[in-house]
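The values are calculated or read from the model by the stated rules, or taken from the named source; none is laboratory data. Keep in mind that this is a model prediction, so the values were computed, not measured. Cβ atoms come from the backbone with ideal geometry, glycine included; neighbour counts cover every protein chain shown.
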Amino acid sequence: MEPLTWTGNLGSVLNPALAISAALCAIVLVVQTVLRLSSAPVTLQANPDGTLQARGGVLGTLEVTMAYLFWAVVAVLFAYIIVPLVMPYGSAGILGEITRRLTPVWIALVVTFVVSIRFKRRLGLYGKLFDSTVGMIGFALVMFWVYVAAFVGLFDMIVTHDYLRQVSGLKNALPGVVAPDGTEGAIPHYLLGGDNLARDIFSRVMVGSVFVIAIAPLATIFAFMVGITLGLPAGYYGGRFDTALSFAANLILAFPVILLFYLLVTPEIVQTGIPSYMAAFLFAFPLIFISVLINTRYYTQPAKRTAILAPVLVVLGWLYLSAINESGTVIDFLPAWMDLFDITVLVVFVSVVFVNAPTVFRIVRGLTLDLRTRDYVAAAQTRGEGAWYIMLWEILPNARGPLIVDFCLRIGYTTILLGTLGFFGLGLSSESPDWGTTINEGRKLLLIFIHPALPPAMALLSLVLGLNLLADGLREESLKD
Amino acid sequence: MGLFILRRIGIMILTALCLTFIVFWLTNLFPNLEKLAKTQGNFRMSDEAVLTYLGNNGYLQPLPVKYGQWLGVLPGYVIEGSDGQIRARCASGNEDIADAPTFCGILQGNWGYSTVFREDAGSIIATRLGLTGKLMFWVMLLMVPGALIIGVLAGMNEGSRTDRSLSTVSILSTATPEYVSGVVFISVFATATFGMQWFKGTATAAMDDANFENFFLPVLTIALYGMGYIARMTRASMTEVMTAQYIRTARLKGVAFSQIVLRHALRNALIAPFTVIMLQFPFLLNGVVIVETLFNYKGFGWTLVQAASNNDIELLLGVSIVSVFVVLTTQLISDIGYVFLNPRIRIA
């Protein structure tokens with residue numbers, strides 16, 4: 001068994017192809033830019049039959065060439081992903097083996113895109129996303145990691161080795177190294193090499209995605225529930241209530257985030273139980289939000305309201321109690337059979353929600369201040385609707401555009417925060433495969449070995465970039481109507 | 001205007017008091033004090049020994065009293081310890097207890113004593129802040145003009161190819177946290193892997209003698225994360241200005257495009273970014289902590305990490321005062337500056 005090279009046999013054909021097409025692309029781009037300086041500005045000219053006239057001359061030809069060259073580059077890049085799927089093991093190099101491991105993800109992505117684009121006119125805002133290139137690229141990046149996390153977390157696919165197993169001799173081993181006999185997992189190579197403790201980096205990065213994909217959106221949803229439940233009345237009523245809450249929000253925002261993390265996420269503070277009390281406080285907001293939401297909707301039909309509200313409250317209440325009840329902390333009163341799950345990273349989760357909630361509060365409050373003067377709010381007031389009905393069913397739906405965009409951005413920011421926590425080794429065990437911790441482990445020997453730190457850094461970058469592009473696409477599309 | 005500033009300063013002081021009290025409370029929780037006692041004494045101290053140590057050093061007084069002493073509105077403690085020695089908060093070193101002043105808190109200019117560095121907290125903060133000031137100066141020098149140029153170029157022709165590519169660049173830079181870009185920069189420019197070993201991977205030497213080679217990477221790492229955000233704000237404000245009536249008038253009069261941008265649009269477009277740049281300071285503070293840790297530059301952020309991870313109470317309080325002061329002052333400047341720059345807003 002030989003160590004893998006980066007691109008294997010595949011590279012002998014595709015690498016030159018990529019280099020040539022990319023170089024041509026660059027040359028044409030430069031020439032185009034130079035020519036454009038002295039050319040007339042583009043004007044659209046229509047032919048008699050209604051089609052548009054193409055721009056002629058050297059510049060026009062170059063533009064057409066540029067389009068073809070760009071697609072050539074894209075095609076070569078796709079070939080890197082597709083061709084290895086039909087090549088025998090080991091002949092397509094490290095990149096080829098990685099794309100082969102990711103086969104289920106590619107299939108899921110293709111299915112998602114084909115179905116979504118086919119039915120995009122019936123899918124509302126989600127469908128409109130597929131009209132914007134930026135939005136589609138962002139969505140693809142985000143869904144890539146969502147599918148990776150799903151396949152790794154639920155079906156245990158994709159990963160090649162146990163992410164905690166240390167194999168002697170593979171400490172800081174370079175990418176493509178052969179694992180010794182008896183230690184090979186799904187494949188006999190460490191695709192991205194070994195880290196400082198001789199664990200497989202590829203598997204660690206893939207497993208790390210589960211942590212981020214599970215925590216970041218959930219924490220953001222919680223932060224939104226807290227921010228909305230407090231921000232709506234603050235903006236709607238104003239007065240002392242608003243002043244007090246805004247002061248508290250500004251107080252938290254004036255803290256440097258890292259100082260706050262250092263104060264909240266240490267074993268000593270966990271011992272005092274403050275995070276558990278904060279969890280009990282913050283986790284109550286989704287409960288309040290959903291019950292008020294249902295109550296205001298069916299207030300005029302008491303029988304129906306009770307029929308819906310009672311089971312919802314029982315289920316949510318149970319989830320709430322299991323979430324805040326952790327054995328070995330200050331809140332530990334439920335019998336074991338009732339405690340559905342333990343959140344091992346409760347402290348991290350709570351502090352991330354706590355840091356995000358004030359910003360959401362400020363956004364919701366600002367939007368409410370603007371929307372409460374609208375005519376439909378006055379109409380609802382005249383009809384005699386209750387204050388919470390107006391806030392939740394009149395104002396909130398009309399504030400959804402900016403909130404959805406901010407939601408995407410905020411998941412990205414939460415991902416960055418989680419990485420920061422891992423980077424400082426706060427709240428997570430040093431064995432944890434999450435990207436922040438892995439970057440922190442890798443940076444210690446960065447000047448000697450760069451391969452342990454770069455893959456998790458790139459993974460985090462691509463996910464956050466995807467979320468930002470997705471938010472940008474959503475903003476653009478929601479502004480169109 | 002004067003009343004507005006006074007009110008803002010009042011709120012600022014109230015916020016600072018609340019924040020320091022929270023930090024004080026969190027650092028003075030018993031498990032934290034126990035850890036402090038054990039790091040100061042030894043790790044195998046018995047529970048009684050811990051209590052004796054804490055009692056002798058005034059840590060077991062009620063929280064409001066301790067906070068008042070630290071603030072300097074209550075007289076500092078004078079405690080006769082269980083070993084018969086009399087310790088006073090205000091007597092430093094071998095000073096006689098009788099000569100020591102009664103009040104010695106932050107209001108009297110006494111920042112307290114750092115238990116980690118075994119030095120006066122005030123002087124530590126002063127030196128470290130100086131080092132971080134140097135870093136921030138270069139960050140600002142790189143970030144602000146860069147961001148404004150990108151934003152203006154992107155915003156003056158909305159939807160053009162320049163706009164598309166520059167917007168993508170700024171999204172990319174906001175999506176790259178410092179600990180990612182720092183790692184990437186070090187890998188590419190400070191190791192021999194890619195054949196571009198142009199810079200140093202640590203900035204420790206830059207504390208005394210900063211030059212392009214050892215200081216550029218940390219500066220670039222911090223600047224890049226903030227740059228994208230400011231550039232996007234500048235772009236948004238520039239596109240808004242470019243659709244205004246007076247720009248159309250100028251265009252119809254036949255004024256050259258460069259003249260329109262430089263003379264008519266730019267000044268109005270720069271009002272919004274000003275506030276954004278000011279409000280960016282708290283985020284820069286985070287960046288400073290990460291980058292100083294990553295590049296081993298022993299400035300203010302590095303001190304914060306050291307103080308926080310060792311529960312060095314008084315140093316940590318000093319650090320939080322400074323950072324809260326920076327955050328609140330920049331907020332105040334941004335509000336006042338906004339009013340001065342934008343003649344349409346008047347605050348009575």
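Some values worked out for this structure:
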{"quantity": "Helices (runs of 4 or more DSSP H) within region A:383-481 that include 2 or more residues free of Cβ contacts under 8 Å to residues at least 12 places away in the same chain", "calculated": "A:454-480"}
{"quantity": "Residue match in region A:445-455 (condition: at the interface with chain B (Cβ under 9 Å from one of its Cβ atoms) and within 23 Å of A:Ala214 (Cα to Cα))", "calculated": "yes"}
{"quantity": "Odd one out for A:Gly425, checked against (1) within 26 Å of B:Thr191 (Cα to Cα); (2) touching a helix residue (DSSP H, G or I) at 6+ places or on another chain (Cβ under 7 Å); (3) modelled with pLDDT of 90 or more; (4) surrounded by fewer than 18 Cβ atoms within 10 Å (Cβ to Cβ)", "calculated": "(3)"}
{"quantity": "Qualifying residue in region B:26-39 (condition: more than 26 Å from B:Phe325 (Cα to Cα), without any contact (Cβ under 8 Å) to a residue 12 or more places away in the chain and outside any helix (DSSP H, G or I))", "calculated": "no"}
{"quantity": "Options A:Leu154, A:Leu141; residue that is farther than 24 Å from A:Gly473 by Cβ and under 20 Å from the mean Cα position of the chain (by Cα)", "calculated": "A:Leu154"}
{"quantity": "Any hit, region B:232-255, residues being acidic (Asp, Glu), out of contact with any Lys or Arg (no Cβ under 8 Å at 6 or more places or on another chain) and under 30 Å from A:Leu479 (Cβ atoms)", "calculated": "yes"}
{"quantity": "Segments classed as helices (runs of 4 or more DSSP H), wholly inside region B:168-286, with at least 3 members that are away from chain A (no Cβ under 12 Å)", "calculated": "B:212-242, B:245-253, B:266-269, B:271-279"}
{"quantity": "Options B:Glu158, B:Glu213, B:Glu178; residue that is over 18 Å from A:Val134 (Cα atoms) and surrounded by fewer than 19 Cβ atoms within 10 Å (Cβ to Cβ)", "calculated": "B:Glu213"}
{"quantity": "Qualifying residue in region B:91-106 (condition: surrounded by 17 or more Cβ atoms within 10 Å (Cβ to Cβ), farther than 30 Å from A:Leu467 by Cβ, of a type in the set (Gly, Ala, Ser) and away from every other protein chain (no Cβ under 14 Å))", "calculated": "yes"}
{"quantity": "Lone unmet requirement of (1) crowded, with 24+ Cβ neighbours inside 10 Å; (2) within 11 Å of another protein chain (Cβ to nearest Cβ); (3) within 11 Å of the chain's Cα centre (by Cα) for A:Leu465", "calculated": "(1)"}
{"quantity": "One residue from B:Gly84, B:Gly68, B:Gly41, B:Gly2 being away from chain A (no Cβ under 14 Å) and either of a type in the set (Ser, Thr, Tyr) or on the phi > 0 side of the Ramachandran plot (or both)", "calculated": "B:Gly84"}
{"quantity": "Residue in region B:75-97 that is at pLDDT 80 or above and out of contact with any helix residue (DSSP H, G or I) (no Cβ under 7 Å at 6 or more places or on another chain) present", "calculated": "yes"}
{"quantity": "Single match in B:Glu48, B:Glu34 (criterion: surrounded by fewer than 14 Cβ atoms within 10 Å (Cβ to Cβ) and more than 26 Å from the chain's Cα centre (by Cα))", "calculated": "B:Glu48"}
